[in-house]
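S.K.: The following block contains the structure, expressed as structure tokens.
The values are calculated or read from the model by the stated rules, or taken from the named source; none is laboratory data. Source: prediction; values computed, not measured. Neighbour counts are summed over all protein chains in view; Cβ atoms, including those assigned to glycine, are modelled from backbone coordinates with ideal geometry.
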Amino acid sequence: MAATPSNMLPLGTIAPEFLLLDTVSNQKKSFRQLKGEKGSVVMFICNHCPYVIHVNSQLVKIGNEYQSKDINFIAISSNDVRNYPQDAPELMTKVASDLKYPFPYLYDETQEVAKAYQAACTPDFYLFNNNDQLVYRGRLDESTPKNNLLLDGKDLRQALDLLLDGKTIPEDKQKPSIGCNIKWKNPPELNLQKVKFKR
């Protein structure tokens with residue numbers, strides 16, 4: 001499995017808006033509809049990636065815990081399902097049901113949302129404050145499928161707690177996530193800053 005790091009979108013970036021199919025409710029949902037009162041976690045995941053499978057239990061646990069604190073979680077899969085049919089929308093629905101995801105699981109068919117967020121890998125995490133400004137991006141914690149380190153969500157949990165306490169999340173404490181590369185239909189633009197999106 002290829003180990004790909006996060007691109008680390010610049011802090012302060014306003015969350016790119018989107019309108020995507022939620023494979024849980026079978027309805028189209030926007031960031032504006034799904035964001036939390038105190039903050040929002042946008043995460044790029046998929047069904048088949050071993051790195052995502054490794055962290056799924058912690059995603060469910062953290063999602064349940066912090067959504068009760070007015071932080072909403074939004075999962076997005078942007079993989080090319082033609083070449084990776086195990087990531088197809090109907091199988092996303094099954095995974096969300098089987099794992100009891102406490103958050104929507106959106107399908108980014110055009111991959112434009114992944115490009116707007118400069119997402120590179122699965123999983124890739126983005127935390128936005130109540131003004132939709134990026135305050136944290138990178139990893140869940142240091143655990144991977146092969147390093148045998150404790151899976152506890154430490155890095156993301158610390159960021160969430162600091163946000164809820166009204167404190168700044170130090171940039172030097174933000175480490176890139178590592179995971180499988182997003183399965184692009186075509187190689188994305190080299191300069192992702194040129195990707196346009198509307199608010």
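S.K.: Would you point out the residue of the range 120-160, among those that are closer than 15 Å to Val52 by Cα and acidic (Asp, Glu), that is surrounded by the most Cβ atoms within 10 Å (Cβ to Cβ)?
M.R.: If we take residues in the range 120-160 being closer than 15 Å to Val52 by Cα and acidic (Asp, Glu), then Asp124 is surrounded by the most Cβ atoms within 10 Å (Cβ to Cβ).
S.K.: Here is a further query. Quick one: in the range 44-58, of everything that is buried (at least 23 other Cβ atoms within 10 Å of the Cβ) and out of contact with any helix residue (DSSP H, G or I) (no Cβ under 7 Å at 6 or more places or on another chain), which residue is farthest from Leu163 (Cα to Cα)?
M.R.: Cys49
S.K.: Residues in the range 88-110: is at least one among the polar types (S, T, N, Q), in contact with a helix residue (DSSP H, G or I) (Cβ under 9 Å, 6 or more places away or on another chain) and either buried (at least 21 other Cβ atoms within 10 Å of the Cβ) or farther than 15 Å from Val52 by Cα (or both)?
M.R.: No, because not a single residue in the range 88-110 is among the polar types (S, T, N, Q), in contact with a helix residue (DSSP H, G or I) (Cβ under 9 Å, 6 or more places away or on another chain) and either buried (at least 21 other Cβ atoms within 10 Å of the Cβ) or farther than 15 Å from Val52 by Cα (or both).
S.K.: Just checking, does the range 2-13 include any residue being in contact (Cβ under 8 Å) with a residue 12 or more places away in the chain, more than 20 Å from Gln174 (Cα to Cα) and not in a helix (DSSP H, G or I)?
M.R.: Checked the range 2-13: at least one residue is in contact (Cβ under 8 Å) with a residue 12 or more places away in the chain, more than 20 Å from Gln174 (Cα to Cα) and not in a helix (DSSP H, G or I).
S.K.: Pick from the range 59-78 the residues that are among the hydrophobic types (A, V, I, L, M, F, W, C) and in contact (Cβ under 8 Å) with a residue 40 or more places away in the chain: which of them is surrounded by the fewest Cβ atoms within 10 Å (Cβ to Cβ)?
M.R.: Val60
S.K.: Could you list all residues from the range 93-113 that are over 27 Å from Asn186 (Cβ atoms) and either without any contact (Cβ under 8 Å) to a residue 24 or more places away in the chain or assigned to a helix (DSSP H, G or I) (or both)?
M.R.: Scanning the range 93-113 gives Lys94, Ala96, Ser97, Asp98, Leu99.
S.K.: Looking only at the range 3-24, count every residue that is surrounded by 14 or more Cβ atoms within 10 Å (Cβ to Cβ) and closer than 18 Å to Phe125 by Cβ and tell me the total.
M.R.: Adding up the residues that qualify gives 12.
S.K.: For Ala119, are the conditions met, namely being modelled with pLDDT of 95 or more and in a helix (DSSP H, G or I)?
M.R.: no
S.K.: Next question. In the range 117-150, which residues are of a type in the set (Phe, Trp, Tyr) and within 15 Å of Leu164 (Cα to Cα)?
M.R.: Within the range 117-150, Phe128, Tyr136 meet the criteria.
Here is a yes/no grid of residues against (1) in contact with a Phe, Trp or Tyr (Cβ under 7 Å, 6 or more places away or on another chain); (2) under 17 Å from Gly153 (Cβ atoms); (3) modelled with pLDDT of 95 or more:
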| position | (1), (2), (3) |
| --- | --- |
| Met8 | no, no, yes |
| Val24 | yes, no, yes |
| Gln27 | no, no, yes |
| Leu34 | no, no, yes |
| Met43 | yes, yes, yes |
| Gln58 | no, yes, yes |
| Gly63 | yes, yes, yes |
| Ser78 | yes, no, yes |
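S.K.: Restricting the search to the range 27-39, which residues are assigned to a helix (DSSP H, G or I) and surrounded by fewer than 17 Cβ atoms within 10 Å (Cβ to Cβ)?
M.R.: Arg32, Gln33
S.K.: Tell me the residue from Val42, Val24, Val52 that is in contact with a strand residue (DSSP E or B) (Cβ under 9 Å, 6 or more places away or on another chain) and in a helix (DSSP H, G or I), please.
M.R.: None of the other options fit; the residue is Val52.
S.K.: Is it fair to say Val42 is in contact with a Pro (Cβ under 8 Å, 6 or more places away or on another chain) and either touching a residue at least 60 places away in the same chain (Cβ under 8 Å) or of a type in the set (Gly, Ala, Ser) (or both)?
M.R.: no
S.K.: Take Ser30 and tell me if it is hydroxyl-bearing (Ser, Thr, Tyr) and within 28 Å of Leu162 (Cβ to Cβ).
M.R.: So Ser30 fits the description; yes.
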